[in-house]
1. When the solvent-accessible surface of protein heavy atoms is calculated with a 1.4 angstrom probe, in what order do Cys237, Cys191 fall, highest first?
2. Note down the relative contact order for region 332-444 as a percent, whole number, built from C-alpha pairs under 8 angstrom at least six residues apart.
3. Step through the table entries Lys184/Lys296; Lys288/Lys360; Lys274/Lys360; Lys259/Lys368; Lys274/Lys320; Lys274/Lys405, compare each Cα-Cα distance with 28 Å, and write down the pairs that go over it.
4. Report, to two decimal places, the Cα Rg of region 379-444 normalised by 2.2 N^0.38 Å (N = number of residues).
5. Kindly write out, for region 297-306 in residue order, the coupling ³J(HN,Hα) from the Karplus curve 6.51 cos²θ - 1.76 cosθ + 1.60 (θ = phi - 60°), rounded to whole Hz, with x marking Gly and Pro.
6. Just by accessible area at a 1.4 angstrom probe, what is the order of Asp374, Asp438 from largest to smallest?
7. Tell me, what is the 1.4 Å probe accessible area of Glu162, in Å² to the nearest 10?
8. Taking R0 as 30 Å, what's the FRET efficiency between Trp330 and Val160 from their Cβ-Cβ distance, rounded to 0.05?
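The values are calculated or read from the model by the stated rules, or taken from the named source; none is laboratory data. As the structure is a computational prediction, the values presented were derived from the model and not from experiment. No Cβ is skipped: glycine too gets one built from the backbone with ideal geometry, and neighbour counts run over all protein chains shown. All accessible areas refer to the heavy atoms of the entire protein, side chains included, with ligands and DNA or RNA removed. Shrake-Rupley method; radii C 1.70, N 1.55, O 1.52, S 1.80 Å.
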Amino acid sequence: FGSSLLLARLVERGIWCLCVCVWGSGAMTSAMVAGAAARWSSSLCGGKKALAEDEPVFVNRGGAPVLLGARGGAGEKKPKAVTASPEVVEILAPVAEAVPAADDGAIAAEAAPKEAAAAEEAPASWAPDAAVLARVRHLAANEAHCRAVAALDAYRAGLVEEGVAEAFDAFCAGDEEIRRLRFKVDTIQRCEAHLRYAAPGADGEQLEGSPAHHVLGNGSELWVDHYSDNTVDYRVCAPFDIPMDHMLSLFYEVDLYPKWLPFVWESKILHMVKGGSGDYAQFLVVFKYVLPWPLKNREAVLYGFASDAIERGRVVLCSKSVPEGATEWWGYPLPPAGDAVRMDVVMDFGFVPQGPELDKTRLDIFFKLDPKIDWLPQGFVNWVGRQFVTLLYRGISSICRNFAKSPYPARLSADVNDAYAVMYRMLMAMRGGTLPEDAAETSV
């Protein structure tokens, strides 16, 4: 009789469904408690979890559970809150204990859209130190990629104790410039491994493969590394009597590549890539090669960039063919291949200033080629690769011996993109035993 009377009271107040849950099914009551706890947990996390349709909603107002009803389908108004009677308060005491008390503002936020809940209850969003980000972006824009990442990593290490390292990681994952910066540093590590810089006692030490050594003259050497998968790498180590910024000009002036790059009859910049961790020395380029009949002409489309690594005593230039079939790179469109066959090419270069005044340069070259000629014996392809690298070295040597009479001094003077000013600051900083950014801060 008592239960029936209570049921009548509940029906009269319009919440008979809640009473049925409590009276008829302990399991359903537990589910409601769990649902309420989940919603409260969701509110603490910024309202990430949306309520399901027909899910009962109730909160605790001043010790009295308040049923908000169920969330209807799309377009329905939110249900009206109904204050429970004293009898229901007694029945739902365990629920009231399970759900923390909330004031009227919290109740409104619970039923309001996700944005309102975040505005009233969520803590302010964490943001990284603006000065740190400005320094990182300045270093990256001036091609000092490894030092930029070192600054990021040092900053993150300090955030671990503060408990916001994961928030910083999320920020970096959503920042396109930082993602590209990380990509470049990964590429630099690959480049330095190719050039043997990453190995103990590098500078020409052979670490794997079956190297064949050849002397090119004037202190220059060539190594040919054969591997078990029948691929071949070529490496050159050659000293030149010109300063590093002069040597770098040979590689910056892409349209002049046919003067020293073997078999190339045309080379041009498709796009000078701006932003994305570099303002002076990153390009998308195309090289066109003319081959004798019956071979089809070849071409290579490469993304390349230079990086200031003078904290390790060098500058590196990394270049590699874009992925096969790619139609764009970082938003820059790429042309179709047409009748030419696109080759896969990797060319990495290291520039190491030498001499008491750092007025000489050691050039290290890594070269790998897949000409996409399946029917040619691999031995013949390897021989062609060796001839290519040898001719490349001779072409660079010829220009360096007659640099003053070449087109490059005029390009250095013009410095259309201010890239040579950046290169010169790098060289002067090395001569002074400092870093370019330190010298800039001192001058200011």
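1. Largest accessible area first, the list is Cys237, Cys191.
2. Answer for region 332-444 is 17 percent.
3. Going by Cα-Cα distance, Lys184/Lys296; Lys288/Lys360; Lys274/Lys360; Lys274/Lys405 fall outside the 28 Å limit.
4. The reported ratio for this selection is 1.68.
5. 4, 10, 8, 9, 10, 10, 9, x, 8, 9
6. Per-residue accessible area, sorted high to low, gives Asp374, Asp438.
7. Approximately 130 Å² for this residue.
8. 0.45
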